[in-house]
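First the structure, in the form of structure tokens, and then the observations on it.
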Amino acid sequence: MPNRNFTAENLQLKDNIDICFKLNSRDVKIKVPCTYTLLDILRYELKHTGTKEGCGMGECGACTVIMDGGIVNACLVLATAVSGRDIWTIEGVSAKEDAKPIIDAFVAKTATQCGFCTPGMIMASYYLLSKYKDPTDEQILEGLSGNLCRCTGYAKIVEAVKAAARELNGAKKEARDA
Amino acid sequence: MLRNFKVLMPASLNEALYVINNIDRPFRFLAGGTDVLVRLKDNPSYAQALIDISKIGELAKIEEHKSTFVIGSGVRHEALLAYAPFIENYNGLIEAVSAIGSPQIRALATVGGNIGNASPAGDSIGPLMAFDAEVELRSQDTNRIVKLEDFFTGPGKTVLKHNEIITKIILPKSDSLKSGWKRLGQRRAVAISKVSVTLALGFAKHSNGSDRVNDVRIALGAVAPTVIRARKAEKFLLENQTLTKAVVKEACRLVAKEARPITDIRSNTEYRSEMCGVLLGDLIEKLACAR
């Protein structure tokens, strides 16, 4: 040991790693290859296949998840960086009360066609609407700029986010008025 | 799926410095991972080992000192964008960093990573270079400060030694400068810049009461083997002091000549050179009018 303050464990080249993290509010403990990304862990180890793999290079946003309160591409988070994180995927978010208006609006506005980008779009929209109660068109386009959709042309997705914002704000107002 | 590399996870800067001093195989740092993991996917031999420095807290702080801001190399773009003094006084930096990748990428990617990656098109580099930023490079036994302008030696190449880490970016305070950044890319998000221009201007009053320019910094991205300062155009504007139409036109001509771009899949030599002038003209107009 070079220095007694060092932890031998941290100085070893590793092939596998034990990680603990929170997934949709549940504790997960798992041993995975170090070469796995968060996306690989979710899909292949935990069978949470709602998070999609599109490009695998951070361009398409199909693998968008929430990590420690912000959105990230799960394909760009290596297993070593997952430990200790609080992760939310579409499986957890879609069960939340405040995500329901977003999902309903995507359906009502036909903002989903082939559906492959949809989980990522919902995650980005959910995060966007947690940041801005009443987002402008510019804020919606910026908020969804990391998510590609090759079917809809985006207009319907933007409409859906606006409709969801109205619904969410209306629901809060009703709750206040009641 | 990624394969064929091992990972090391030093928990502190000291551990990381020890590790890179003693490691027996080619390695890459993993900070944000947004470039490294993409490269590894394309080319499995890109690294035999990754040293994950993403959780080293001492690299992830922004500190304000008397005449500088010190940005830890592990500060994520999203955190830089939320830092109030930068929003107030470093508009060019904020504009550039807001254009990097997407919200998902900015939540992961780090300031040190964008610098260490040494892309001629690295969007945060232009404004940092225009503000005369320096980088601190540390090894187990050494500590040196290098001007960002002297840090890059070519595309993907820097003066960083195999046993050194970029630890800090030192940004001089410059309350008196107005700055802006513009780029051209295939689309607004998740695009590599074809050309980018940073402009920072300081103004003072002439003895006759009119405005004059007393400080000029111009940085050009994606038009040379590294991000560069356009010293001739800077000097010309500084000497002429007053931003008349003719002066601006000549500065734009000069800056287009200082660019040394190549033709590649994203754009070509002629267009890139000419656009340096166009973007500089836009920025001069914007900064001069905004006062």
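Remarks
Okay, residues lined up against (1) without any contact (Cβ under 8 Å) to a residue 24 or more places away in the chain; (2) surrounded by 14 or more Cβ atoms within 10 Å (Cβ to Cβ); (3) under 19 Å from residue B:179 (Cβ atoms); (4) not assigned by TED's automatic domain parsing to the domain that holds residue B:156:
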{"position": "B:199", "(1), (2), (3), (4)": "no, yes, yes, yes"}
{"position": "B:203", "(1), (2), (3), (4)": "no, yes, yes, yes"}
{"position": "B:228", "(1), (2), (3), (4)": "no, yes, yes, yes"}
{"position": "B:239", "(1), (2), (3), (4)": "yes, no, no, yes"}
{"position": "B:250", "(1), (2), (3), (4)": "yes, yes, no, yes"}
{"position": "B:260", "(1), (2), (3), (4)": "no, no, no, yes"}
{"position": "B:270", "(1), (2), (3), (4)": "yes, no, no, yes"}
{"position": "B:281", "(1), (2), (3), (4)": "no, yes, yes, yes"}
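- Residue B:64 being over 16 Å from residue B:166 (Cβ atoms), under 19 Å from the mean Cα position of the chain (by Cα) and assigned by TED's automatic domain parsing to the domain that holds residue B:137: no
- Looking only at residues in the stretch A:58-71 that are more than 7 Å from chain B (Cβ to nearest Cβ) and part of a loop (DSSP other than H, G, I, E, B), the one that is farthest from the chain's Cα centre (by Cα) is A:60.
- All positions within the stretch A:72-92 that are of a type in the set (A, V, I, L, M, F, W, C) and more than 10 Å from chain B (Cβ to nearest Cβ): A:82, A:87, A:88, A:90
- Single residue of the stretch A:14-54 satisfying the filter (away from chain B (no Cβ under 14 Å), of a type in the set (Val, Ile, Thr) and not in a loop (DSSP other than H, G, I, E, B)) that is nearest to residue B:8 (Cα to Cα): A:30
- Residue A:95 vs. criteria over 23 Å from residue B:3 (Cβ atoms), among the hydrophobic types (A, V, I, L, M, F, W, C), surrounded by 22 or more Cβ atoms within 10 Å (Cβ to Cβ) and more than 14 Å from chain B (Cβ to nearest Cβ): no
Conditions (1) within 21 Å of residue B:254 (Cα to Cα); (2) not assigned by TED's automatic domain parsing to the domain that holds residue B:278, marked per residue:
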site: B:147; (1), (2): no, yes
site: B:150; (1), (2): no, yes
site: B:156; (1), (2): no, yes
site: B:181; (1), (2): yes, no
site: B:187; (1), (2): no, no
site: B:208; (1), (2): no, no
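- Among the residues of the stretch B:64-91, just one is among the basic types (Lys, Arg) and more than 14 Å from every other protein chain (Cβ to nearest Cβ), namely B:66.
- Out of B:17, B:30, B:2, B:40, one residue alone is more than 8 Å from every other protein chain (Cβ to nearest Cβ), in contact with a helix residue (DSSP H, G or I) (Cβ under 6 Å, 6 or more places away or on another chain) and either surrounded by 17 or more Cβ atoms within 10 Å (Cβ to Cβ) or hydroxyl-bearing (Ser, Thr, Tyr) (or both). It is B:40.
- With respect to the stated conditions, residue B:45 is at pLDDT below 95 and among the hydroxyl-bearing types (Ser, Thr, Tyr).
- With respect to being surrounded by 21 or more Cβ atoms within 10 Å (Cβ to Cβ) and within 18 Å of the chain's Cα centre (by Cα), residue B:221 fits the description.
- Number of positions in the stretch B:43-91 that are surrounded by 19 or more Cβ atoms within 10 Å (Cβ to Cβ) and basic (Lys, Arg): 1
- One residue from A:131, A:156 being over 16 Å from residue A:111 (Cβ atoms), in contact (Cβ under 8 Å) with a residue 12 or more places away in the chain and among the basic types (Lys, Arg): A:131
- The residue that is nearest to residue A:93 (Cα to Cα), among those in the stretch A:41-58 that are of a type outside the set (Ser, Thr, Tyr) and buried (at least 22 other Cβ atoms within 10 Å of the Cβ), is A:42.
- Residue match in the stretch B:120-130 (condition: within 22 Å of residue A:78 (Cβ to Cβ) and of a type outside the set (S, T, N, Q)): yes
Table: residues versus (1) touching a residue at least 12 places away in the same chain (Cβ under 8 Å); (2) in a loop (DSSP other than H, G, I, E, B); (3) within 14 Å of another protein chain (Cβ to nearest Cβ).
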| site | (1), (2), (3) |
| --- | --- |
| B:93 | yes, no, no |
| B:101 | yes, yes, yes |
| B:115 | yes, no, no |
| B:129 | yes, no, no |
| B:178 | yes, no, no |
| B:183 | yes, no, no |
| B:186 | yes, yes, yes |
| B:191 | no, yes, yes |
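Per-residue answers, yes or no, for (1) within 11 Å of chain B (Cβ to nearest Cβ); (2) assigned to a helix (DSSP H, G or I); (3) touching a helix residue (DSSP H, G or I) at 6+ places or on another chain (Cβ under 8 Å):
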position	(1), (2), (3)
A:99	no, yes, yes
A:115	no, no, no
A:119	no, yes, yes
A:122	no, yes, yes
A:126	no, yes, yes
A:142	yes, yes, yes
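- Filtering the stretch B:13-49 to residues that are small (Gly, Ala, Ser) and either assigned by TED's automatic domain parsing to the domain that holds residue B:73 or assigned to a strand (DSSP E or B) (or both) leaves only B:49.
- Filter result for residue A:87 (in contact with a Pro (Cβ under 9 Å, 6 or more places away or on another chain), in contact (Cβ under 8 Å) with a residue 24 or more places away in the chain, closer than 29 Å to residue B:57 by Cα and in a strand (DSSP E or B)): no
The values are calculated or read from the model by the stated rules, or taken from the named source; none is laboratory data. Computed from a predicted structure; not experimentally measured. FYI the Cβ positions are ideal-geometry reconstructions off the backbone, even for glycines, and counts take in every protein chain you see.
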